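One structure is given below, encoded as structure tokens.
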Amino acid sequence: MAETIIKVDLKQSAYENDKIHNRWHPDIPMAATVKPGDDFIIECIDWTGGQIKNDDDAADVRDVDLTQVHFLSGPVGVEGAEPGDLLVVDILDIGTFDDSQWGFNGFFSKQNGGGFLTEHFPEAQKSIWDFSGMFTSSRHIPSVEFAGLIHPGLIGCLPSKEMLETWNKREQELVDTDPERVPPLAAMPYGDTAHMGRMSPDDAKVAAAEAARTVPPREHGGNCDIKDLSRGSKVYFPVYVEGGGLSVGDLHFSQGDGEITFCGAIEMAGWIHLRVNLVKDGMSKYGIKNPIFKPSPITPKYDDYLIFEGISVDEQGKQHYLDVNVAYRQACLNAIEYMTKFGYSKAQAYAILGCAPVQGHISGVVDIPNSCATLWLPTDIFDFDIQPNADGPKKEIDGSVEVPLAPDL
Ligand code: ZN
């Protein structure tokens, strides 16, 4: 068995573990060093650092401190890695801890984080998902079970100093266009809750003031939340600093395309088994600016879908010009409305779209003025027939079970 080079203790605060960090900065010291060709295991806490509990109360989702996220394990230095190289990462396996066979999904309050459909779901809610081997189901969402397409939501290499400055500049310019917006347009550096890994306290204080938050995906990959970057994938990451500095976290047992619920997918603590190699000077050789990857040869087999279309006309009937964001939102809302006809609450349906192996596709972006997006709902995750027929929908779901709701502040 490969060596576990980063261990976590789920009972310990993330801030007490110096092989964890929650910001991007080129000077965060390597937590471990490996050689090209090595394979090794990294343990990860969940992205919130244990803020969300396995219970039936969504107050923890409502009150979550989002300045603490995401807690990442690393950075791992790779001998010989230099700026301009590609770091080749084979995701050999991902697993759960024996004593943590569960994960969570939630909707953040509009006042604290929001989500893709926050105008429709402004209050905090959460569902707990239990794992049975490769399958998962939730006591809060009846009649649904599916196989996990397990993956890291967040993985990437440390940015260079120049890249960090570029990120901070462009994101601040965006925030400045509407500084009072709730939720904000971007998450800017915030030193108070920064965890800078093994940096000395004095250095950490200075660096934390400019260290990038981990929320968005960026050129290095980062928080891409790509469900298909699952165990068995091979990823090619751009390298910006000596040693690369690979960090990983935000493990998901499963997720729908878009991670639309934002608190997140099915979020979990667990371990990831990786192998690293280098393509020297690979960025210019292959013209690579953002990571590329090959999917796993093994994925859950869901090949029958009910597909919901959405166009870029919003809920108020306003016409938007080729806006894929609006179109995907309509596809999601259409799927939610449909599922309610079988007895699901809107919140249960929304949670299913965030957690299940739902596909999202950009189907058309040229037919003015409407783009078309589609939401692919796998039919086999339900223990009843969810397809339309001449008799109309049968109410299948017991309405006494609900996704717990936290009163808004
Ligand atoms: Zn996540």
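Accessible area per residue of the stretch 3-294 at 1.4 Å probe, in Å²?
Per residue, the stretch 3-294 has an accessible area of 38 Å².
For the cross-link pairs Lys227/Lys285; Lys35/Lys280; Lys53/Lys126; Lys169/Lys234; Lys161/Lys294; Lys227/Lys318, which exceed 22 Å when the distance is taken from alpha carbon to alpha carbon?
Lys227/Lys285; Lys169/Lys234; Lys161/Lys294; Lys227/Lys318
Give me the accessible area per residue for the stretch 305-381, probe 1.4 Å, as a whole number in Å².
For the stretch 305-381, the per-residue accessible area is 40 Å².
Pull out the extension gain between Asp63 and Asp98, defined as 0.36 nm times the separation in residues minus the alpha carbon to alpha carbon distance; nm, one decimal.
9.8 nm
Within the stretch 305-381, what whole-number % of the accessible surface is contributed by carbon and sulfur, with the 1.4 Å probe and all protein chains included in the calculation?
54 percent
Run the helix sum for the chain: -39,500 (n - 2.57) per DSSP H stretch of 4+ residues, divided by residue count, reported at 222 nm to the nearest 500 deg cm²/dmol.
-4500 deg cm²/dmol
Any idea what the relative contact order of the chain is, in percent, if you count C-alpha pairs under 8 Å spaced at least 6 apart?
Once normalised by length, the contact order is 24 percent.
With all distinct Cα pairs included, what does the Kirkwood hydrodynamic radius of the chain come out to in Å, to one decimal, could you say?
21.9 Å
Sort 352-363, 79-90 for me by packing, meaning the mean count of neighbouring Cβ atoms within 10 Å per residue, highest on top.
Taking the mean over residues of other Cβ atoms within 10 Å, the ranking is 352-363, 79-90.
Counting Lys and Arg as +1 and Asp and Glu as -1, what is the net charge of the other residues whose Cβ lies under 14 Å from the Cβ of Thr67?
It works out to a net charge of -1.
Starting from the 7 Å offset along Cα-to-Cβ, what nm value, one decimal, do you get for the label separation of His361 and Asp385?
Going by the 7 Å Cα→Cβ label model, 2.4 nm.
List the aspartates and glutamates whose Cα lies under 18 Å from the Cα of Lys7, skipping any in the same chain that are fewer than 8 positions away.
Within the straight-line cut-off, Lys7 pairs with Glu16, Asp18, Asp38, Asp39, Glu43, Asp46, Asp93, Asp98, Asp99, Asp250.
Can you tell me which lysines have their Cα less than 22 Å from the Cα of Lys394? Leave out same-chain residues fewer than eight positions away.
Lys341, Lys346
Expressed as an acute angle from 0 to 90° and rounded to the nearest 10, what is the orientation of the C-alpha long axis of helix 161-176 relative to the principal long axis of the chain?
40 degrees
Could you tell me what % of all Cα pairs in the stretch 1-59 have separations over 19 Å?
45 percent
From largest accessible area down, sort Glu173, Glu315; use a 1.4 Å probe on the protein chains.
Glu173, Glu315
The values are calculated or read from the model by the stated rules, or taken from the named source; none is laboratory data. None of the values given here were measured: they were computed from a predicted structure. Ideal geometry is used to build each Cβ from the backbone, glycine not excepted, and the neighbour counts take in all protein chains shown. These accessible areas exclude ligands, DNA and RNA; they are computed on the full protein's heavy atoms, side chains included. Shrake-Rupley method; radii C 1.70, N 1.55, O 1.52, S 1.80 Å.
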